1. In a Gaussian network model over the chain where Cα atoms closer than 10 Å are linked, find which of 275, 110, 61 has the largest mean-square fluctuation.
2. Relative to the longest principal axis of the C-alpha atoms of the chain, give the angle of the C-alpha long axis of helix 281-294, reported between 0 and 90° and rounded to the nearest 10°.
3. Restricting the count to DSSP beta bridges whose residues both fall in the chain, what percent are antiparallel, rounded to a multiple of 5?
4. Listed highest first by mean packing, meaning other Cβ atoms within 10 Å per residue, what order do 209-216, 112-119 come in?
5. Among rounded, prolate and oblate, which fits the stretch 46-86 when a ≥ b ≥ c are the square roots of the eigenvalues of its C-alpha gyration tensor, a/c under 1.5 means rounded, and a/b larger than b/c means prolate?
6. Could I get the Rg over Rh figure for the stretch 254-301? Both from C-alpha atoms, Rh via Kirkwood, rounded to two places.
7. Go ahead and run the numbers for FRET between residue 306 and residue 52, Cβ-Cβ distance against an R0 of 30 Å, rounding to 0.05.
8. Take residue 217 and residue 271, extend 7 Å from each Cα along the Cα→Cβ direction, and tell me the distance between the two endpoints in nm.
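Read-outs throughout are calculated quantities, based only on the coordinates presented, and are distinct from any laboratory measurement. As the structure is a computational prediction, the values presented were derived from the model and not from experiment. For neighbour counting, all protein chains shown are included, and Cβ atoms are generated from backbone atoms with ideal geometry for every residue, glycine included.
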């Protein structure tokens, strides 16, 4: 009888623990830098912290619409994209940094183009305004005395843009893409030259954020999301083979292929996060906001002081 009562009590406790799990829907893409979020879900790290996480693959150009509709509460994207979302009335707050690109994002050009300044009057494939590839294009052009008005932009998502270069699509002179698709271009030098990456222009860094309402209503869940991510980064260091297998499977790559892809970025641990949000985040956001305004991507700069909440990094 005692065993039955004890078993029933344990079952009740288990049900109670399940009932307390906070549901949260996250929007990401197949970008290599977001993979620790997938690892945290698949390896049970989010669950360990009391979260019931669902991850939805949503193109960057549509992710803010999913937040605005309530379909997701949190998302991963580049630092400057949060500026665009907030400027367009989609209130969101960054709570931790995911990664920094060290060559994982780049510009591919057709043979004969030897410098970025040569792109004047040429056609470049890049995602829509308000996305990281479009911003990367604007940033690189500005640093070389041009603007997006000096080129013709054809809107193609990163995978399609890379494929267009590999196929030698007529009429496209250059493309903005990122890993793992940039790796496919690296594997076929005849597809074109990777003329510049984030090693040359360090302006791609990703953060994770949520709606202010979600953060206000669920501060413990927000802390759990950060802790789950940091646990995933620790797991990658402790057991890289298993981690690469799990993260690679999500983007249809082998562990070996994924390992090569992630070599071009750095995931940011808790210490790196604290350093980043101590000054670099605000400085970059200011420069990015001015470029977004100049490029006509935003009509006004939002309150940059409200873009991040660092409470959950401790």
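1. Sorting by GNM fluctuation, first place goes to 275.
2. 50 degrees
3. 60 percent
4. Values: 209-216: 18.6, 112-119: 15.0.
Those peptides, ordered most packed to least, come out 209-216, 112-119.
5. Cα axes put the stretch 46-86 in the prolate bin.
6. That ratio is 1.20, to two decimals.
7. So the FRET efficiency works out to roughly 0.60.
8. Label at residue 217, label at residue 271, 3.8 nm between them.
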